[in-house]
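A short worksheet on the structure shown next.
Each value in this text was obtained by applying a stated rule to the coordinates, not by laboratory testing. Quick caveat, the model's predicted, so the values are computed rather than measured. Cβ atoms come from the backbone with ideal geometry, glycine included; neighbour counts cover every protein chain shown.
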Amino acid sequence: MSQMETPEVADAPPLKKTPERLLALSPEEAFQVRHWWQRLALSPEALATHTKAPPWPKAMRARLKRCESAETAMLSEGFRHLWQRLPDAPAVPRDARLQQWACIALVLAELRDETPSATLGSRLGQEKNGTGKPRMSELRFQQLMDCHSPDELVQRLRRALALIDKRDISVVHLADNIALWWREYRGQPAAQPSKRLGFVWANDYFDALAKYQRESD
């Protein structure tokens, strides 16, 4: 267990297998981050369909949304609740892992609701209101894939979520994407190109784009 505070474990339901493909997170991390987000963002009525645990105060999420960097997020109560639930990962330096999960917390705090298994790339590539154009332009999508720093990644992901109304995307997929970005940022890309973030995002984005472009031809 991550060493920051004594964890609360009694409020979590039994671990269940997530339906999402995981490239960087462990199944336990995926479960814990979703359960954390549910308590952070869902209404009491919606949360009750997932767990008996009560929601956290709205101010907790609001503070995370105001944070401008991973460093400020680490000082927030919302992040501490997430960190103390994560399993140990001895292979990853603690400081790097703190930054990674702080970035995840910053981005996930923006989400209003989720659709399990829905990916970021596919949502950004969806047609915008019958215009024949994607929700995120190809230029901005290329910029998203070319982030060079954690702060830039958080900033561009927040903007990307605003384009899809901050909903209908999988919490687990998004957290896994950020963890995968961090793995590659640390110089540890997957040996298989299809398991690298650029391929994952581009494949989902252009598959979504092709669906309505073919129909308009």
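Applying 1/(1 + (r/R0)^6) with r as the Cβ-Cβ distance of residue 194 and residue 95 and R0 = 41 angstrom yields a FRET efficiency of 0.85.
Look at 104, 169 and count the other Cβ atoms within 10 Å of each Cβ; fewest to most, that gives 169, 104.
Candidate values (i) 24, 22, 16; (ii) 28, 20, 16; (iii) 41, 21, 18 were compared with semi-axes √(5λ) of the Cα gyration tensor in Å computed on the shown model; the agreeing label is (ii).
Computed on segment 27-216, with alpha-carbon pairs under 8 angstrom and 6+ residues apart, the relative contact order is 25 percent. Per-residue 3J(HN,Hα) values for segment 36-49, derived from phi via the Karplus relation 6.51 cos²θ - 1.76 cosθ + 1.60 with θ = phi - 60°, read 4, 5, 4, 6, 7, 10, 7, 5, x, 5, 5, 5, 4, 7 Hz in sequence order (x marks Gly and Pro).
Most exposed first by the Cβ proxy, i.e. fewest other Cβ within 10 Å, how do 79, 199, 141 rank? Don't jump to the answer; show the numbers that get you there.
On the way: 79 26, 199 15, 141 22.
Sorted ascending by nearby Cβ count, the order is 199, 141, 79.
Sites counted here are GluC sites (Glu not before Pro) in a DSSP loop (not H, G, I, E or B) having no more than 16 other Cβ atoms within 10 Å; the longest part of the chain that contains none of them is 69-217.
Highest GNM mean-square fluctuation among 159, 123, 21, for the chain modelled with Cα contacts below 10 Å: 21. In plain terms, the residue of 200, 92 with the fewest other Cβ atoms within 10 Å comes first and the most crowded comes last, giving 92, 200.
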